[in-house]
Amino acid sequence: MLGSKAASPRTPPAVSRLQAGYAVRDACEGRLGLAFLADDRSGGNKVSHEYRKDPETISRLSPEQYRVTQEAATEPPFHNPYWDNKEPGIYVDIVSGEPLFASVDKYDSGTGWPTFTMPIEPNNVVEIADTSLGITRTEVRSAHADSHLGHVFDDGPAETGGLRYCMNSAALRFIRRDDLEHEGYGEYRRVFEHPDGERQR
């Protein structure tokens, strides 16, 4: 995925450390699953989440979702569901449901794709060197479903770290802020509850 402006190559870091769980990689089939315990901020309990690459879910993807997530295709700019979505909420992987980005970190990059300054859960994204177009870019994939999400560039807003995560809507599912508890993501209400309306971790 290319943005509307040139960006210097970003050197992808090593895969993020999984700070609250364990990962199991099946080298033969290229699958990565994660099981871990996460804080339930609403009740202080521990709730178990498992995010994985599920063949049944993949079989239900639309042709566009399949091409993007499984074949690393790029959807058309400005003709996708979330490029101009301004509703508060979070974006999760279309296959696994792992939380990826939040609306509080979304901005209009002018590229026609949903763009974010940072992931909501850094351990849920993996950055990989991509030379498929003859230039060096940094591909972004989900850590547990191994879905192609898009690319990250280093020409984002300086005040938030200078990164531009340019994603494909087809790789994402949007969960509205008011639906977080119902969908099982109630712990992410904290992101929207800062008294000044700013990002809250």
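The values are calculated or read from the model by the stated rules, or taken from the named source; none is laboratory data. These numbers come from a predicted model, not from an experiment. As a convention, Cβ positions derive from the backbone with ideal geometry for all residues, glycine included, and neighbour counts pool all protein chains shown.
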| said: So if I check each of Pro88, Pro12, which one is at negative phi and modelled with pLDDT under 95? | reply: Pro12
| Any hit, the range 116-128, residues being part of a strand (DSSP E or B), free of Cβ contacts under 8 Å to residues at least 24 places away in the same chain and closer than 19 Å to Ala72 by Cα | no
| field | The listed residue being surrounded by fewer than 23 Cβ atoms within 10 Å (Cβ to Cβ), in contact (Cβ under 8 Å) with a residue 12 or more places away in the chain and of a type in the set (A, V, I, L, M, F, W, C), out of Ala72, Ala145 | value | Ala72
| query | Somewhere in the range 88-95, is a residue crowded, with 21+ Cβ neighbours inside 10 Å, farther than 23 Å from Glu159 by Cα and out of contact with any Asp or Glu (no Cβ under 7 Å at 6 or more places or on another chain)? | reply | yes
| request: Please find, among Gly186, Gly110, the residue that is surrounded by fewer than 24 Cβ atoms within 10 Å (Cβ to Cβ), in contact (Cβ under 8 Å) with a residue 12 or more places away in the chain and more than 19 Å from Glu75 (Cα to Cα). | output: Gly186
| task | Could you run through the range 60-72 and say how many residues are within 19 Å of Arg137 (Cα to Cα) and either out of contact with any strand residue (DSSP E or B) (no Cβ under 8 Å at 6 or more places or on another chain) or assigned to a helix (DSSP H, G or I) (or both)? | result | 4
